[in-house]
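Right, one structure below, let's go through it.
The values are calculated or read from the model by the stated rules, or taken from the named source; none is laboratory data. None of the values given here were measured: they were computed from a predicted structure. Reconstructed Cβ throughout: ideal geometry from the backbone, glycine too, with neighbour counts over all protein chains shown.
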Amino acid sequence: MDKMDAMGLSGVTELIPEEKILERVAQLGHEITSDYKGKDLILIGVLKGCFLFMADLCRNISLPLSCDFLGVSSYGNRTSTSGVIRITSDLTRPIEGKDVLVVEDIVDTGLTMNYLLENLSTRKPKSIKVCTLLHKPARQMVSTPIDYLGFSIDDVFVIGYGLDFQNRYRNLRFIGIKTQDDR
Ligand code: IMP
């Protein structure tokens, strides 16, 4: 029995191991630390997928910062978005005059990020940048600025480290490819 079967994860293949994720997240944190010195940084995490990435990223940024979260859900089928986005829980504070860094798990078609950037820019932040752990360039439908990127990946459906399939697998320490349907 291989490692995945033993964990009840048949149909999942490891794509990015935990050590590689943590190493890259630390690098991103250091880059952000040097870019945002002296600024009024607020990290805005996009729930739910960001929660582990946000937790690790913010602990690698050695600056005074604040954190807030936005909940979004997109109408679509099980594995792709329709582009119709809904904010399910909004920020708790205004962001006017602040240097906003949006923290996302994955930019796929780019529709969610596009919507969020449009929405957040109406709230008059001083600057807005995007940090995403993953990007699937092959699936991109609208161009989205990505200022900090963890990994570029092929057109595969990934799970783990916050990313879900039908709300499961978010707790995996690694990022895996979901290769078979387990409904
Ligand atoms: P968008 O297509 O860029 O708008 O991405 C919308 C959302 O779909 C992302 O924030 C993720 O929550 C989800 N998503 C896209 N691709 C994947 C994937 O491979 N695994 C898990 N969730 C995904």
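Things worth noting here:
- So Arg93, is it of a type outside the set (Gly, Ala, Ser), within 16 Å of the ligand (Cβ to nearest atom), farther than 19 Å from Asp147 by Cβ and surrounded by fewer than 16 Cβ atoms within 10 Å (Cβ to Cβ): no
- Residue within the stretch 101-118 that is surrounded by fewer than 13 Cβ atoms within 10 Å (Cβ to Cβ), assigned to a loop (DSSP other than H, G, I, E, B) and not β-branched (Val, Ile, Thr) present: no
- Any hit, the stretch 72-80, residues being loosely packed, with under 13 Cβ neighbours inside 10 Å, of a type outside the set (S, T, N, Q) and farther than 14 Å from Gly49 by Cβ: yes
- Exactly one residue out of Arg123, Arg86, Arg139 is surrounded by 12 or more Cβ atoms within 10 Å (Cβ to Cβ) and at pLDDT below 95: that is Arg139.
- Figure legend. Inter-residue proximity from the stretch 122-140: first residues within 30 Å of Val156 (Cβ to Cβ), second residues basic (Lys, Arg), beta-carbon distance below 9 Å, spacing 6+ or different chains. Indicated pairs: Leu133/Arg24.
- Positions within the stretch 44-75 being of a type in the set (Ser, Thr, Tyr), in contact (Cβ under 8 Å) with a residue 12 or more places away in the chain and farther than 22 Å from Leu22 by Cβ, in sequence order: Ser66, Ser73, Ser74
- Residue match in the stretch 139-154 (condition: part of a loop (DSSP other than H, G, I, E, B) and of a type in the set (Phe, Trp, Tyr)): no
- Which numbered condition Phe151 fails, given (1) at pLDDT below 95; (2) in contact with a helix residue (DSSP H, G or I) (Cβ under 8 Å, 6 or more places away or on another chain); (3) of a type in the set (Phe, Trp, Tyr): (1)
- Residue within the stretch 90-99 that is among the hydroxyl-bearing types (Ser, Thr, Tyr) and over 15 Å from Val12 (Cα atoms) present: yes
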